Each structure stands twice: as C-alpha cells, then as structure tokens.
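See structure below.
The values are calculated or read from the model by the stated rules, or taken from the named source; none is laboratory data. Quick caveat, the model's predicted, so the values are computed rather than measured. Cβ coordinates were reconstructed from backbone atoms using ideal geometry, including for glycine residues, and neighbour counts include every protein chain displayed. To get the accessible areas, we keep the full protein, side chains included, count just its heavy atoms, and leave off ligands, DNA and RNA. Shrake-Rupley method; radii C 1.70, N 1.55, O 1.52, S 1.80 Å.
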Amino acid sequence: MNGREGQKALTWAQQWRLFIQFCRHPHLNPRVRQISTGAGWYRDWVAGPIWMDALKWATTLWIINLFVIGPLVLMVAAKSGATHAINPKALPWFLAIFWAPFFEEMLFRYGLRRPATVIWLLPLLVLGIWQGAGWVQVMLFVMALFLVFRTAKQTVMPSPRARRWLRMYRAQFWWIFHLATLLFAAVHLSNFTFSSVQWWMLPALVLPQWVTGLVLGWFRVMKGIGPAILLHSLFNAGPMVLVWWMMRSMPDLS
C-alpha cells in the first residue's frame, strides 16, 4: 500500500503493517496523512487529526518498554552499576515534555525529509547543546526555527546538480534513517551514571530509545515533523506522570 496525502484514516492494523514495511526498507514515498490543503511547510507541521494515532502509538511504546524491554534494561543496569541520572524528587517536566521533543526531533529527524537544511541546522543545534541550558541555547533554537520556517516557505526549483544529489540521497536513505535512529538512542546514554560497565552492555540500556526512535522516525517521514514532536511529547509524559503518581501515592519512595 502506498501512502497518499488526503487519504482517509488508516486502521490500526494498516498502520502496523506500514510501520514494519518502512523499518525493513525506509523510503521517502508519499506520506500517510489526512490533510491535503495548505502549503507544504504547513502540512509538515500540521497533519490533521493525528492526536488519537499519536496516543495509540505512545501507549504501545509504553507497554513495549515497560513489559518487554524494561526488565532487560533493569537487569543490565543492575549488573553494570548504572543508575538513572534523573532525580525523581525534581522531575524535569518542561525539559521532558516540551524542550526535548522539539530539540531532539529537529536535531535527529527534521532533516530526513529536508536534507539540505542539515548543512546549517545541525551546527546551530549542536552549538546549542554545547552551550548548555540558558538564554544562549534558547536564542540558538529560536534562530534555527526561524530559518526552518523561512526556508520551508521558499519554493525553489532545484538545479540539475541538486536533483542528482537528491536522487543519491533517496537511494541511500535506508541507512541514513537507521543511523539517525542509532545516534538518537546513543545520546540517551547520558541519562545514566556508571560505576563500572562493560561496553557491550551499553546498547541494552538504550533499547527503549532505539525502538521509540524507529516509530518517531516513521512518524516524521510519513506524517510530518509536527506529529513526530507530538508523539515524542506524549511518550515522555507517560513515565513522568507514572513516577509522579508513585511518589505521591507511596511516600516511602520519596
């Protein structure tokens, strides 16, 4: 089945089939979206009634990570002496639900559909990471968003050289997609502190981020950057709410 813009909503089974097919061979075929009006940049950010789909996929990822991958991560963490760096007594709500979804999706996945932006977008975002939290980081991020919207609104006919480059990019997209997903997972090793760990244990600690990254990447490529950010935000909110509820209902944990 080829995705077409403006088609009616897909069933849950159809979405799963498309997702598995995409992971086997990532591609840049027409998107699977329920909106066909507005400029291209608008449709990249607003993909129609996507809330229920995002909530379904977030719930699916919570279940997979909690009951399938979670026990493995806990076992590896115990053997490696790894502890999560987030303090449950001071949950970073804004960082997890708003800042990280925007920043990480722009860093790792926005350029998948708009590869030319990587030349200037990645340096700005990486510089923002290097600067750390503060006004400089905020200004760099705002500048990146301004340039993203400005360039996205421009309609420029690509030159023959650019078209050849884009054909090469499309042909190599499968490994670019999976590399971006692996890098996204690897970055989350910074969520842990280690006493002693063997290198081969490290990938197991970020298996949840790898699986989640596959779904987020599919959302970005097939539905748009807006839906990917929404899904990322919902996914991060789940564990935060769970930890908050546990801390309130079980005072002995605090």
Between helix 12-24 and the chain: long-axis angle, C-alpha atoms, 0 to 90°, nearest 10: 80
Would region 41-163 count as rounded, prolate or oblate if I go by the C-alpha gyration tensor, calling it rounded below 1.5 in a/c and otherwise prolate when a/b exceeds b/c, oblate otherwise? prolate
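In whole percent, and with a 1.4 Å probe on the protein chains, what portion of the accessible area of the chain is carbon and sulfur?
For the chain, the apolar C and S fraction of the accessible surface comes to 70 percent.
Pairwise over distinct Cα atoms, reciprocal of the mean inverse distance: report the Kirkwood radius of region 94-171 in Å, one decimal place.
Radius from the Kirkwood sum: 13.7 Å.
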Per residue, how big is the convex hull around the C-alpha atoms of the chain? Give it to me in cubic angstrom, could you? 151
Is the shape of region 198-254 rounded, prolate or oblate, going by the alpha carbon gyration tensor and its root eigenvalues a ≥ b ≥ c, with a/c under 1.5 for rounded and a/b larger than b/c for prolate? oblate
For region 157-254, what size does the Cα cloud have along each of its three principal axes, sorted from largest down, in whole Å? 66, 34, 16
May I ask you to give the solvent-accessible area per residue for the chain, in square angstrom, as obtained with a 1.4 angstrom probe? 57
Extreme residue, positive dipole direction of the chain, given options L231, L18, L202 (C-beta unit charges): L18
